[in-house]
There are 2 protein chains.
Amino acid sequence: MKSDLDGLMQTKKLDAILVIGNATHNPPMYYLTGGGHVSAAILIKKRGETAVLFCNDMEREEAAKSGLKIVPMSTYPWQDMLKEANGDVALMSAMRLQQMFADCGITSGQVGIYGDTDISSTLATLTSLQRIAPEIVITGEPRDNSLFMYAMETKDDYEVARIRRMGKITTTVVGRVADFLTNCEIREDEVLLRENGAPLTIADVKSSIDLWLAELGAENPEGTIFSIGRDAGIPHSVGTPTDLLRLGQTIVFDIYPCEAGGGYFYDFTRTWSLGYANPEAQKLHDEVKAVFDKVQENLDLNAPFKDYHRMVCEEFEKNGHTTPLNTQAPVDGYVHTLGHGVGLNVHERPWSGLTVGDDNILKPGVVMTSEPGLYYPEKGFGVRIEDTFWVRPDGKVEILAEYPYDFVLEMKKWKKA
Amino acid sequence: MKSDLDGLMQTKKLDAILVIGNATHNPPMYYLTGGGHVSAAILIKKRGETAVLFCNDMEREEAAKSGLKIVPMSTYPWQDMLKEANGDVALMSAMRLQQMFADCGITSGQVGIYGDTDISSTLATLTSLQRIAPEIVITGEPRDNSLFMYAMETKDDYEVARIRRMGKITTTVVGRVADFLTNCEIREDEVLLRENGAPLTIADVKSSIDLWLAELGAENPEGTIFSIGRDAGIPHSVGTPTDLLRLGQTIVFDIYPCEAGGGYFYDFTRTWSLGYANPEAQKLHDEVKAVFDKVQENLDLNAPFKDYHRMVCEEFEKNGHTTPLNTQAPVDGYVHTLGHGVGLNVHERPWSGLTVGDDNILKPGVVMTSEPGLYYPEKGFGVRIEDTFWVRPDGKVEILAEYPYDFVLEMKKWKKA
């Protein structure tokens with residue numbers, strides 16, 4: 001949680017942090033500012049002190065909504081500084097940054113840098129800063145276990161409420177997609193038809209998904225997976241836009257939208273077969289569902305997340321599938337890890353891979369996915385089932401948005417001959 | 001254009017470029033790959049050679065759509081490398097990057113780095129790389145005049161067609177907003193009402209805008225400005241969600257959406273007053289429109305963009321406004337520059353500020369905005385008019401999407417007493 005930041009900074013031996021970039025679609029900046037139309041901002045937080053947000057003068061009122069201490073950029077007259085720097089923009093940015101640090105009481109020490117931003121200009125600035133202020137040491141760290149990944153790992157009630165709301169939006173959209181598909185007319189060759197009689201494509205379905213998400217106040221900056229047949233057997237194939245929807249083919253529908261404006265995510269997957277199912281695909285779905293249920297029944301407060309991933313590997317191996325436990329980088333069978341945390345990042349701590357640190361546990365406040373899957377692209381199918389769970393302070397683990405697990409969706413205007 | 005990249009690399013003394021991050025919402029990577037669901041990829045292009053795209057194995061089919069040479073990440077077994085690096089993730093990433101460079105024939109030289117990405121983990125990797133491969137020098141450069149800003153500055157016909165299509169979508173949405181507003185019922189106190197009789201808020205209007213954009217295949221990752229009254233007088237205020245729509249108040253509507261999935265942008269602004277106008281605001285609108293027209297009439301092939309900005313300053317100064325020409329960082333009057341290029345970035349070269357380089361000219365293939373404005377927040381209004389223009393190869397300059405410039409929008413269900 002946010003209140004853990006100072007303690008985490010101490011553990012990581014950081015005297016201050018520097019966060020850069022926009023407030024939206026930039027998790028560390030969003031986390032500290034609450035989003036808003038604040039672009040190309042600079043935030044400096046000395047350990048134990050309140051963060052200071054340096055922002056464009058034109059965005060000062062937007063920035064003030066963050067509740068942080070706001071300093072307008074005009075405090076540092078860049079035109080004069082640029083003259084002083086002989087027109088060297090990177091040097092001017094470094095001089096300005098040095099001054100901002102000084103104004104926050106920082107003239108030396110270890111400073112962690114965070115934010116999604118333009119790497120090129122940032123590196124140019126940091127290279128100049130190193131030259132003019134070598135006693136300020138700016139350091140990065142690998143993302144998966146960075147300061148913010150640790151802080152964000154546990155959510156407060158307000159954050160959980162927002163993720164739950166996104167879960168409601170997500171399952172509402174999934175329900176609309178199911179209704180829409182099952183009400184389609186079917187051509188003789190089992191292709192679904194649009195109202196105008198044209199065959200229904202993956203692109204059509206995706207454009208309805210985008211529309212419904214926007215209508216409900218969400219967006220999908222990372223896209224949506226809606227893939228059929230062989231594509232469904234490739235976990236990260238998002239689907240081929242021109243593919244037609246057909247009865248009896250496996251559809252993997254993985255939807256991971258966030259609040260409009262770039263806030264909290266939800267992550268959810270169902271696998272469907274319209275009208276009827278290939279018996280082999282049905283068997284695969286039964287297997288995945290059984291493992292999904294077994295994981296859910298066993299989820300326990302403070303248990304290591306990777307224990308459940310190992311459990312899934314072992315269950316699948318009993319049925320003869322390759323998994324990360326018996327094969328390095330398998331390409332079919334169970335080819336990914338069980339899940340991940342969900343918050344301002346669609347993927348964040350805790351992690352569940354076999355080799356992750358022992359501190360990836362189901363602490364109170366964790367929000368994470370369970371998403372076992374089995375993939376056989378050459379057979380023309382794949383199955384994944386995913387819900388997002390919350391580890392409650394009372395130790396119970398609940399799904400944040402319930403939705404049925406049916407594999408075969410009954411078609412309203414078609415009956416099996 | 002893309003074909004300029006090798007020449008520009010030579011000018012900038014770069015032996016290679018390294019582009020990192022996702023393919024969407026990351027202009028340099030989108031530019032070279034064409035977008036697609038390719039996340040956390042690494043692209044290396046040696047000068048004079050075709051780019052190589054290193055991607056997650058699970059995204060290999062998506063990556064192949066780029067037409068580039070694809071190398072799956074599994075070529076570099078990270079688990080073995082991580083052992084070799086004693087668990088140091090940043091060092092492992094650096095070792096892998098060094099190997100990728102070697103496989104592209106690069107063991108030394110100057111390498112420019114580009115992309116919007118997580119600064120923290122990237123800096124950690126680069127710091128390790130510097131240690132293990134000091135003969136490869138990775139350099140950044142200030143964004144405004146970077147390699148990609150120069151390459152992207154001129155568009156080919158395919159790019160212009162895509163921006164024009166976004167212009168059509170943008171003006172369609174603007175037209176729907178105008179229709180919607182002018183058909184509202186009006187309360188006694190001149191507040192607009194929704195169909196259900198509740199007062200219409202800025203948030204309501206914005207959610208309709210988002211919906212219509214999604215429906216037409218666009219998104220607005222940077223938001224939309226729809227601000228009324230005093231907010232309209234603050235150029236980058238995006239509007240207060242709970243503000244009510246009222247007759248006779250100035251509305252600044254600045255909309256800058258991009259293709260769904262994070263492609264080309266359009267940029268467009270109109271200023272409206274519903275039903276009737278404050279005479280002072282009307283006068284301001286007339287002034288801005290006259291200057292807008294004067295700029296448009298004078299746009300000339302290969303002219304310096306900043307000459308038009310200076311022209312606008314001079315025109316406005318004649319009428320007693322403060323401008324960047326007579327005041328450093330003015331807070332009312334004309335407070336920004338005339339315009340900017342538009343493409344995969346909503347703001348890109350050419351630039352129009354008074355101090356920009358002389359090479360910011362209206363070359364054939366440039367797509368840029370003209371957006372003069374005047375702002376008086378304390379008087380409760382501001383005015384901006386903006387269109388996006390294309391400098392055609394034949395030297396003519398055309399607006400990519402036409403739309404009327406009316407300030408007062410006539411209300412269908414209301415008449416001035």
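How about the range A:122-153: which of its residues are in a helix (DSSP H, G or I) and not hydrophobic (A, V, I, L, M, F, W, C)?
Start the filter on the range A:122-153 by keeping residues that are in a helix (DSSP H, G or I), which leaves A:122-132, A:143-145, A:147-152.
Of everything in the range A:122-153, those that are in a helix (DSSP H, G or I) and not hydrophobic (A, V, I, L, M, F, W, C) turn out to be A:T122, A:T125, A:T127, A:S128, A:Q130, A:R131, A:R143, A:D144, A:N145, A:Y150.
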Some residue of the range B:73-93 being charged (D, E, K, R), crowded, with 20+ Cβ neighbours inside 10 Å and not assigned by TED's automatic domain parsing to the domain that holds B:W351:
no
Given the residues A:G229, A:G175, which is the only one that is at pLDDT 90 or above and on the phi > 0 side of the Ramachandran plot?
A:G229
Those residues that are small (G, A, S) and modelled with pLDDT of 95 or more, I need them from the range B:80-103; list them, please.
B:A85, B:A90, B:S93, B:A94, B:A102
What do you reckon, is B:V252 assigned to a helix (DSSP H, G or I) and either over 30 Å from A:G35 (Cβ atoms) or β-branched (V, I, T) (or both)?
no
Which residues, taken from the range B:166-199, are within 21 Å of B:G248 (Cβ to Cβ) and hydroxyl-bearing (S, T, Y)?
B:T182
Does B:V346 satisfy the condition of being in a loop (DSSP other than H, G, I, E, B), in contact (Cβ under 8 Å) with a residue 60 or more places away in the chain and either of a type in the set (F, W, Y) or touching a strand residue (DSSP E or B) at 6+ places or on another chain (Cβ under 8 Å) (or both)?
yes
The one condition A:I186 fails out of (1) assigned by TED's automatic domain parsing to the domain that holds A:M29; (2) touching a Lys or Arg at 6+ places or on another chain (Cβ under 7 Å); (3) among the β-branched types (V, I, T) is (1)
Residue list for the range B:1-26, restricted to those being in contact with a helix residue (DSSP H, G or I) (Cβ under 6 Å, 6 or more places away or on another chain) and over 15 Å from B:M149 (Cα atoms):
B:G21, B:A23
Identify, please: which residue in the range B:240-252 is within 12 Å of B:I202 (Cα to Cα) and more than 19 Å from the chain's Cα centre (by Cα) and is, among those, surrounded by the most Cβ atoms within 10 Å (Cβ to Cβ)?
B:I251
Can you go through B:L301, B:L362 and tell me which one is crowded, with 19+ Cβ neighbours inside 10 Å and away from chain A (no Cβ under 14 Å)?
B:L362
Scanning the range B:312-331 for residues that are over 16 Å from B:H285 (Cβ atoms) and among the acidic types (D, E) gives B:E314, B:E317
B:V312 is checked against (1) surrounded by 14 or more Cβ atoms within 10 Å (Cβ to Cβ); (2) away from chain A (no Cβ under 13 Å); (3) outside any helix (DSSP H, G or I) and fails just one. What number does that condition carry?
(3)
Apart from one, (1) surrounded by fewer than 22 Cβ atoms within 10 Å (Cβ to Cβ); (2) modelled with pLDDT of 95 or more; (3) out of contact with any strand residue (DSSP E or B) (no Cβ under 6 Å at 6 or more places or on another chain) all hold for B:Q110; the odd one out is (3)
Counted residues, the range A:212-249 - those being outside any loop (DSSP other than H, G, I, E, B) and either touching a residue at least 12 places away in the same chain (Cβ under 8 Å) or touching a strand residue (DSSP E or B) at 6+ places or on another chain (Cβ under 6 Å) (or both)
17
Failed condition for B:E280, given (1) of a type in the set (D, E, K, R); (2) within 14 Å of chain A (Cβ to nearest Cβ); (3) not in a loop (DSSP other than H, G, I, E, B), with all others met?
(2)
Go through the range B:365-404 and report how many residues are under 16 Å from B:A277 (Cα atoms) and loosely packed, with under 14 Cβ neighbours inside 10 Å.
0
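Grab the helices (runs of 4 or more DSSP H) fully contained in the range A:1-108, keeping just those with 3 or more residues being more than 9 Å from chain B (Cβ to nearest Cβ) and touching a residue at least 24 places away in the same chain (Cβ under 8 Å). Write out each step before concluding.
Details: elements: A:5-11, A:27-33, A:60-64, A:78-84, A:89-103.
Output list reads A:5-11, A:27-33, A:89-103.
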B:E259 closer than 20 Å to A:E219 by Cβ, within 10 Å of chain A (Cβ to nearest Cβ) and touching a residue at least 24 places away in the same chain (Cβ under 8 Å)
no
If we ask which residues in the range B:330-385 are on the phi > 0 side of the Ramachandran plot and over 20 Å from the mean Cα position of the chain (by Cα), their number turns out to be 2
Being among the charged types (D, E, K, R), over 16 Å from A:G140 (Cβ atoms) and more than 10 Å from chain A (Cβ to nearest Cβ) is the filter here, so list the residues in the range B:118-142 that pass it.
B:E135
Out of A:N298, A:N319, A:N302, sole residue that is assigned by TED's automatic domain parsing to the domain that holds A:R384 and at positive phi:
A:N302
Output the residues belonging to the range B:323-336 that are under 15 Å from B:V288 (Cβ atoms) and either charged (D, E, K, R) or part of a loop (DSSP other than H, G, I, E, B) (or both).
B:T323, B:D332, B:Y334, B:V335, B:H336
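The values are calculated or read from the model by the stated rules, or taken from the named source; none is laboratory data. All values derive from a computational prediction rather than experimental measurement. Please note: Cβ atoms are built from the backbone with ideal geometry, for glycine as well, and neighbour counts cover all protein chains shown.
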